[in-house]
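Have a look at the structure below, then the notes.
The values are calculated or read from the model by the stated rules, or taken from the named source; none is laboratory data. Model, not experiment: these values are computed from the prediction. Neighbour counts are summed over all protein chains in view; Cβ atoms, including those assigned to glycine, are modelled from backbone coordinates with ideal geometry. When the accessible area is computed, the model is the full protein with side chains, heavy atoms only, and any ligands, DNA or RNA have been set aside. Shrake-Rupley method; radii C 1.70, N 1.55, O 1.52, S 1.80 Å.
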Amino acid sequence: MVNDSRTTGGPLPETAGPLAAGGLHGARADVAVAGIAVTGTTVTGTAVADSADDGDPADRLDVSVVMPCLNEAESVGVCVRKALAGLAAAGVAGEVVVVDNGSTDGSAAVATAAGARVVAESRRGYGNAYLAGFAAAHGRFLVMGDSDDTYDFADLGALLAPLRAGRADYVLGSRFAGEILPGAMPWLHRYVGNPLLTGILNRLFDVRSSDAHSGMRAFTRDAYRRMRLRCEGMELASELVIAARRAELRIEEVPITYHPRVGASKLHSLRDGWRHLRFMLLLAPRHLFVLPGLVLFGLGTAGQLALLPGSLDVGFHRLDLHFSVLFALIAILGWQLVLLGVFADVHNHAAGWQERRRWPLTSIHRRFTLERGLAAGGILFTVGFAIDCVILARWLANSMGPLNELRPALLAMSLMVLGAQTAFGSFFLRLVTAGPSGGHRRAGWAPATEPAVSAAATGASPSAVSPSSASPSSASPDSSSSASPADPPPAAAPPAARPVAAEPDDDAAAGDRAPGPVGAPGPVGTPTPDGGAGPATRTGPESHENDEDAAFLAAPAPVLGGIPAHQH
């Protein structure tokens, strides 16, 4: 929604002078709005917005401030007025979009009266509210912030400065680099929860963030498209940081002041903290499964081999048969974790949640074929079976009398179980990467010469992608197109209920920079117009641990429906 007429000059009567209305409190109430004109939901300072002009509203609006709202009648009006004042002070044309997430206290009416454009989102959830607001926003720059008056929207200029100067694609307002006022953040959150979760996120995803769960951020519309956000709940805060890193956005942090909130907090410390941690772990199978599994497998194997000749004296204790059993268990468990990590990585990549692959996942996916997996499993099983045969021969030679061969028998059992796990796991990995027919194609790899067929470029409807071509079991993982290049482009279809993707030209340019899958689904599982796009060729600077990482940077995964946040 934009201005009904060209409005410039002095302030409206109701906004002249300090914004004392609406319960502004403390020193933050003295926000002057001289030189600002507000009509409906659009504020213009030095710029002018005119609905009479033809074209997309995004061509006329610089900034959209998006606020989720659930029963925030006490504070949402204050936040809207501060945001309008902040836009005017920054000298940009903008709007305030309040996403009503099912309020029952009249929050929507308060926001509208304060000058916001209200968007209704019936699906509850922090992520759902923001994704609806981003989709409805018209600005070239998107600013997000809570409507509980914890963030000072009057100082939007500092948050927007790196974007407007072209230095950054994504700006994080850091509370820990700025100031946290007394009573604004509980002790547990300030000194335990936020630092711990931020540290885990930085470690798992190779990012450097001082406040990964801040609620105030800004990014360009192109950056939003490249991040391809889809979390429905509180996990969106973590996903924003992870997706920005994955899309190789230029990231900058600016210090902000965090204020005590108005009204009761809706945050549940343990539940929401666990949801963030769960989301991060499920997106990092290398750390969750593979690395711990390799450590356990190596320890178990080395322990069994060390005890194979007999008991081992380690000074303070003598390791004997019981430790052989324990080491056998550890080795089997470790290898099972490695296999689960490989399966999880394939699933995440197919669903568009892939992490930056590093050893050993790159090596496994590059070298795996069903036949090699079966050969490795067969060798392990055969060696174990041969050891058992030797034990059987000794027993028969001893007239089936007493026999002390438990340590070799445990080693044989371990080898046979590992071989069987490897063989059956290879069948399963082949099934999820290539399907039951056709030649094997390594998950995530595609020939660079394969033509890209984008639904956005051809006018294809999102529903044009058949379920069979959208599933990882039938679509070749290294084939990035959801339709054959020979297929004629279908007729254009109406846009999806929640538009997310950009114009073809924008996505084509972003494809060279974004490591995320070009054909990944949009928010809450609605296919994006560029679903099924071809492989992205990376031209930007890269930083990898080895050459195998470069081989991974290829085509996107098959287009699948989004994964609801409650399933992460």
Fill in the blank from the handout: Filtering region 144-172 down to residues that are in contact (Cβ under 8 Å) with a residue 12 or more places away in the chain, of a type in the set (Gly, Ala, Ser) and surrounded by fewer than 21 Cβ atoms within 10 Å (Cβ to Cβ) yields GLY157, ALA158, ALA161
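Of all residues in region 91-114 being part of a loop (DSSP other than H, G, I, E, B) and among the hydroxyl-bearing types (Ser, Thr, Tyr), which is nearest to SER64 (Cα to Cα)?
Selected residue: SER103.
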Handout entry: Residue among TRP335, TRP353 that is among the aromatic types (Phe, Trp, Tyr), in contact (Cβ under 8 Å) with a residue 60 or more places away in the chain and open to solvent by less than 50 Å² (accessible area, probe 1.4 Å)
Key = TRP353
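Of the residues LEU288, LEU270, which is within 25 Å of the chain's Cα centre (by Cα), free of Cβ contacts under 8 Å to residues at least 12 places away in the same chain and farther than 23 Å from ALA177 by Cα?
Unique residue meeting the criteria: LEU270.
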Exercise for the section: Check off (1) surrounded by 16 or more Cβ atoms within 10 Å (Cβ to Cβ); (2) among the small types (Gly, Ala, Ser); (3) part of a loop (DSSP other than H, G, I, E, B) for ALA237 and give me the number that stays unchecked. Expected result: (3)
Completion exercise
Requiring at least 3 residues that are among the hydrophobic types (A, V, I, L, M, F, W, C), the strands (runs of 3 or more DSSP E) wholly within region 131-231 are 141-144, 170-180
Exercise for the section: Could you please find all residues in region 262-280 being within 16 Å of ASP146 (Cβ to Cβ) and charged (D, E, K, R)? Expected result: LYS266, ASP272
Practice task
Could you tell me whether any residue of region 173-191 is farther than 26 Å from ARG286 by Cβ, out of contact with any strand residue (DSSP E or B) (no Cβ under 6 Å at 6 or more places or on another chain) and open to solvent by less than 20 Å² (accessible area, probe 1.4 Å)?
Solution key: no
Exercise for the section: State whether one or more residues within region 367-377 are outside any helix (DSSP H, G or I), of a type outside the set (D, E, K, R), touching a helix residue (DSSP H, G or I) at 6+ places or on another chain (Cβ under 7 Å) and closer than 30 Å to PRO436 by Cα. Expected result: yes
Handout entry: Options LEU321, LEU307: the member that is touching a residue at least 60 places away in the same chain (Cβ under 8 Å), farther than 24 Å from ILE200 by Cβ and in contact with a Phe, Trp or Tyr (Cβ under 7 Å, 6 or more places away or on another chain)
Key = LEU307
Exercise for the section: Please state which of the following conditions ALA376 fails to meet, knowing it meets all the rest: (1) open to solvent by 20 Å² or more (accessible area, probe 1.4 Å); (2) within 28 Å of ARG286 (Cα to Cα); (3) touching a residue at least 60 places away in the same chain (Cβ under 8 Å). Expected result: (3)
Problem - Condition met for VAL262 (more than 20 Å from GLY193 (Cα to Cα) and open to solvent by 10 Å² or more (accessible area, probe 1.4 Å)) - result: yes
Problem - Out of LEU319, LEU340, sole residue that is surrounded by 14 or more Cβ atoms within 10 Å (Cβ to Cβ), farther than 17 Å from LEU380 by Cβ and touching a strand residue (DSSP E or B) at 6+ places or on another chain (Cβ under 7 Å) - result: LEU319
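Per-residue answers, yes or no, for (1) buried (at least 21 other Cβ atoms within 10 Å of the Cβ); (2) of a type in the set (D, E, K, R); (3) touching a strand residue (DSSP E or B) at 6+ places or on another chain (Cβ under 7 Å):
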residue	(1), (2), (3)
VAL295	no, no, no
ALA306	no, no, yes
GLY315	no, no, no
VAL325	no, no, no
ALA331	yes, no, no
Problem - Unmet criterion (only one of (1) surrounded by fewer than 20 Cβ atoms within 10 Å (Cβ to Cβ); (2) among the hydrophobic types (A, V, I, L, M, F, W, C); (3) more than 28 Å from PRO408 (Cα to Cα); (4) touching a Phe, Trp or Tyr at 6+ places or on another chain (Cβ under 8 Å)) for LEU283 - result: (1)
Practice task
Determine whether region 78-88 contains at least one residue that is touching a Ser or Thr at 6+ places or on another chain (Cβ under 6 Å), under 28 Å from ALA165 (Cβ atoms) and open to solvent by less than 10 Å² (accessible area, probe 1.4 Å).
Solution key: yes
Completion exercise
VAL390: passes all of (1) aliphatic (A, V, I, L, M); (2) without any contact (Cβ under 8 Å) to a residue 40 or more places away in the chain; (3) within 30 Å of ARG228 (Cα to Cα) but (3)
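Could you check region 206-225 and list, in sequence order, the residues that are touching a residue at least 24 places away in the same chain (Cβ under 8 Å) and open to solvent by 10 Å² or more (accessible area, probe 1.4 Å)?
Residues satisfying the conditions are ASP206, VAL207, SER209, SER210, HIS213, THR220, ARG221, ASP222, ARG225.
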Fill in the blank from the handout: ARG261 vs (1) assigned to a helix (DSSP H, G or I); (2) of a type outside the set (Gly, Ala, Ser); (3) touching a residue at least 12 places away in the same chain (Cβ under 8 Å): all pass except (1)
Fill in the blank from the handout: ALA344 passes all but one of the listed conditions (1) out of contact with any helix residue (DSSP H, G or I) (no Cβ under 9 Å at 6 or more places or on another chain); (2) of a type outside the set (Ser, Thr, Tyr); (3) part of a helix (DSSP H, G or I); (4) closer than 29 Å to ALA244 by Cβ; the exception is number (1)
Practice task
Keeping to region 387-412, report how many residues are open to solvent by less than 80 Å² (accessible area, probe 1.4 Å), closer than 24 Å to LEU326 by Cβ and either part of a helix (DSSP H, G or I) or at pLDDT 90 or above (or both).
Solution key: 10
Exercise for the section: Answer yes if at least one residue in region 360-372 is surrounded by fewer than 22 Cβ atoms within 10 Å (Cβ to Cβ), of a type in the set (A, V, I, L, M) and over 18 Å from ARG430 (Cβ atoms), and no otherwise. Expected result: no
